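Enquirer: My structure is below; once you've seen it, I'll send some questions.
The values are calculated or read from the model by the stated rules, or taken from the named source; none is laboratory data. Remember, predicted model here, so these are calculated numbers, not experimental data. Methodologically, a virtual Cβ is constructed for each residue, glycine included, from the backbone with ideal geometry; neighbour enumeration extends over all protein chains shown. Please note that ligands, DNA and RNA were not included when accessible areas were found on the heavy atoms of the full protein model with its side chains. Shrake-Rupley method; radii C 1.70, N 1.55, O 1.52, S 1.80 Å.
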Amino acid sequence: VGGGFAGSTAAVELAKRCPHGVEITVFDMGARGLGGRSSHRRVRRTDSAVLPDDSPPPGEQEAFEFDHGCQFFRALTPAFKATVEGWVAEGWAAPWEAN
């Protein structure tokens, strides 16, 4: 599985259930980083190159930034709310305030 919602959740749940602290490794085939369709992208305007992270190096201010695929999600069940609270605490997700 990849490193999107499903793969990341599967890895966390597997790690919780494995005895003796088994190490879990997530392999994602995406060349642009983990996150699948819920990831954030930066693309350089001049040549459409996908940039590796969210911190623009000097001279890279001319980039488009966008959320790829799912811009937001709703945590409606108590179990998923608890999961998302953990993601927020880790800095993996943040509340979205609509304009």
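Enquirer: Could you give me the residue pairs with C-beta distances under 7 Å whose first residue belongs to the range 65-80 and is farther than 13 Å from residue 95 by Cβ, whose second residue is assigned to a loop (DSSP other than H, G, I, E, B) and open to solvent by less than 80 Å² (accessible area, probe 1.4 Å) wherever it lies, and which are 6+ apart or on separate chains?
Expert: Qualifying pairs under 7 Å: 68/39.
Enquirer: Tell me the residue from 37, 41 that is outside any loop (DSSP other than H, G, I, E, B), modelled with pLDDT of 75 or more and surrounded by 12 or more Cβ atoms within 10 Å (Cβ to Cβ), please. Walk me through how you get there before you give the answer.
Expert: Numbers: 37 fails: modelled with pLDDT of 75 or more.
Step by step, each of 37, 41 is checked, and only 41 is outside any loop (DSSP other than H, G, I, E, B), modelled with pLDDT of 75 or more and surrounded by 12 or more Cβ atoms within 10 Å (Cβ to Cβ).
Enquirer: Now for a separate question. Pick from the range 1-34 the residues that are of a type in the set (Asp, Glu) and open to solvent by less than 80 Å² (accessible area, probe 1.4 Å): which of them is modelled with the lowest pLDDT?
Expert: 28
Enquirer: Considering only residues of the range 59-99 that are of a type in the set (Asp, Glu) and in a helix (DSSP H, G or I), which is surrounded by the fewest Cβ atoms within 10 Å (Cβ to Cβ)?
Expert: The residue in question is 90.
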